[in-house]
Ligand SMILES: NC(=O)c1ccc[n+]([C@@H]2O[C@H](COP(=O)([O-])OP(=O)(O)OC[C@H]3O[C@@H](n4cnc5c(N)ncnc54)[C@H](OP(=O)(O)O)[C@@H]3O)[C@@H](O)[C@H]2O)c1
């Protein structure tokens, strides 16, 4: 399932016989649904972060670029590593084999301090894609 809020989960958990195994949610640097992730974990529901690079918009973020530079990685690598360190599955998408290879090379560690900074960051502008229901909060 995807885009289930806590209220949706409470609703389904109240009557289901099999707990849903996975909830796919919009989660990326700039939009971290921490409470929902914690709730899912508490119920044994695996969280998958879709659009971990904010549908590509994070590539333009200068603050995130500066932090990626500090770690000597690309913005997508920082964003993907961030979601993994949140304890969720990361679902980046690319049509470029070089990008795909690079996106799998995330064997570095973001410090606790930088994880907090990335978690606190708010960036929810999806440019020309802002009207899509999944990005408009509808
Ligand atoms: N369940 C849902 O409601 C829902 C909603 C939205 C999306 N999703 C799923 O989530 C997955 C990913 O989401 P998404 O496509 O919205 O966003 P995303 O993975 O955050 O971003 C994709 C964009 O990032 C670029 N990119 C990826 N790796 C890169 C790299 N190493 N260097 C430079 N650019 C890079 C891609 O371009 P290139 O192709 O040029 O690399 C593409 O433009 C998809 O599988 C999608 O189906 C699920």
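The values are calculated or read from the model by the stated rules, or taken from the named source; none is laboratory data. This one's a predicted model, so the numbers in the text were calculated from it and none came from an experiment. For neighbour counting, all protein chains shown are included, and Cβ atoms are generated from backbone atoms with ideal geometry for every residue, glycine included.
What about residue 64, is it surrounded by 13 or more Cβ atoms within 10 Å (Cβ to Cβ), under 22 Å from residue 36 (Cα atoms), more than 8 Å from the ligand (Cβ to nearest atom) and within 15 Å of the chain's Cα centre (by Cα)? Lay out the reasoning, then the answer.
On the way: surrounded by 13 or more Cβ atoms within 10 Å (Cβ to Cβ): yes; under 22 Å from residue 36 (Cα atoms): no; more than 8 Å from the ligand (Cβ to nearest atom): yes; within 15 Å of the chain's Cα centre (by Cα): yes.
No.
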(request) Report, by residue number, each residue of region 99-114 that is more than 15 Å from residue 73 (Cβ to Cβ) and within 11 Å of the ligand (Cβ to nearest atom). (result) 100
(request) Please enumerate the residues belonging to region 1-32 that are more than 13 Å from the ligand (Cβ to nearest atom) and within 19 Å of residue 82 (Cα to Cα). (result) 32
(request) Can you tell me which residue within region 76-91, out of those that are within 21 Å of residue 33 (Cβ to Cβ) and out of contact with any strand residue (DSSP E or B) (no Cβ under 9 Å at 6 or more places or on another chain), is nearest to the ligand (Cβ to nearest atom)? (result) 76
(request) Consider residue 36 carefully, then state whether it is outside any loop (DSSP other than H, G, I, E, B), at pLDDT 95 or above and within 8 Å of the ligand (Cβ to nearest atom). (result) no
